[in-house]
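Taking it in order: structure first as structure tokens, then the write-up.
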Amino acid sequence: MSSVRVECVVSSGFGIGESPVWDEKEGALLCVDIPGRRACRWSPGSGQLQAVPLDAPVSSVALRKSGGYVVTLGTRFAALNWKEQQVTTIAHVDKDKPNNRFNDGKVDPAGRYFAGTMAEEIRPAVLERNQGSLYTLCPDLSVVKHFDRVDISNGLDWSLDHKTFFYIDSLSYSVDAFDYDIQTGKIDNRRSVYKLEKEESIPDGMCIDTEGKLWVACYDGGRVIRLDPETGKRIQTVKLPVDKTTSCCFGGKDYSEMYVTSARDGMDKEWLSRQPQAGGIFKITGLGVKGIPPYAFAG
């Protein structure tokens, strides 16, 4: 096994860093700062972090086939023109729930943008329960609602054979699987494939590797864990120097590097003095596995 190395590559603290996505064309890492209301792009070559300020909490970003990006912003799906720093609303959800916002989102293998909502938090992981829903923005720009009564809609990804959808509702402390139909985007037959252990804390963002294993960032657990969804067993744990690890993705030239976002919201001075890199972005190398390129929204 190669030696695993964890390094902080962006230390300018994000309130809640989320939704890391590798943009191969730009050779850069996309991510968002939810309370900071900014979409960011970090270039490993120059070490430069660019940001586009937005008018609402932005919780996920994804590539778009026709150019630019798509984001979830407040309770809207929107298009983001990076060069012009312009945002165009595509669709609005949860109009009857003014206290809601989107959380994590990701594009499926057919180019649909899946994203879920939640109630605004009173403080980290404390909120009105069962207020969220899981949605899909389809390439024809219509919106499908899959189910409601979600607490904190979070990590999502698809199996390599495109037959299973993996999903995390954080406060269930579980990684769930659904049967997934790539033709229609429909999901059903929900079951749990992994229950988090106490010290792993709260499951947050998630990604899949080329061996079909899942990587889950554990909020307040200070780690990413690698799971086998077939056996329900944890295979590996990588600890980070911050507690509030939020999400993960593979990137770099051959997708052999893992990038992990983190948060600093809800940490007091003493906690921050112990973890000065809280809210930073971390790069993990030497994992010995690779990820798959992200899918782009087809609309």
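Holding the Cα-Cα limit at 24 Å, pick out from 195/253; 65/106; 65/195; 95/163; 145/290 the pairs that are longer than that. Could you put the intermediate results ahead of the total?
Details: 195/253 33 Å; 65/106 14 Å; 65/195 35 Å; 95/163 32 Å; 145/290 32 Å.
Among 195/253; 65/106; 65/195; 95/163; 145/290, the Cα-Cα distance tops 24 Å for 195/253; 65/195; 95/163; 145/290.
Selection among 144, 80, 93 by position relative to the dipole of the chain gives 80 as farthest towards the positive end (Cβ unit charges, Cα centre).
Mind giving me the FRET efficiency for residue 181 and residue 12? R0 is 41 Å, r the Cβ-Cβ distance, nearest 0.05 is fine.
Working: r = 42 Å, r/R0 = 1.02.
Using R0 = 41 Å, I get an efficiency of 0.45.
Based on Cα contacts under 8 Å between residues 6+ apart, the stretch 5-297 shows a relative contact order of 18 percent.
Label positions at residue 230 and residue 210, each projected 7 Å from the Cα along the C-beta direction, are separated by 1.8 nm. Classify the stretch 86-170 as rounded, prolate or oblate from the Cα gyration tensor: take a ≥ b ≥ c as the square roots of its eigenvalues, call it rounded if a/c is under 1.5, otherwise prolate when a/b beats b/c and oblate if not. Taking the square roots of the gyration eigenvalues as a ≥ b ≥ c, the stretch 86-170 is oblate.
Just round it to a whole percent: the fraction of Cα-Cα distances in the chain exceeding 33 Å. All intermediate terms of the calculation are to be shown ahead of the outcome.
Details: 5890 of 44551 pairs.
It works out to 13 percent of all Cα pairs.
Using the Cβ-Cβ distance between residue 125 and residue 197 with R0 set to 25 Å, the FRET efficiency works out to roughly 0.90.
With the simple model of a label 7 Å out from the Cα in the direction of the Cβ, residue 289 to residue 84 spans 4.1 nm. Would you mind calculating the relative contact order of the stretch 174-291 from Cα pairs under 8 angstrom and at least 6 residues apart, reporting the percent as a whole number? It rounds to 18 percent for the stretch 174-291.
Under the simplified labelling scheme, the residue 92-residue 148 pair shows an inter-label distance of 1.8 nm, with each label point 7 Å from Cα along Cα→Cβ.
Where a number appears in this text, it was derived from the coordinates with a stated rule and is not lab data. Small disclaimer: the values here were computed from a predicted structure and weren't measured. Reconstructed Cβ throughout: ideal geometry from the backbone, glycine too, with neighbour counts over all protein chains shown.
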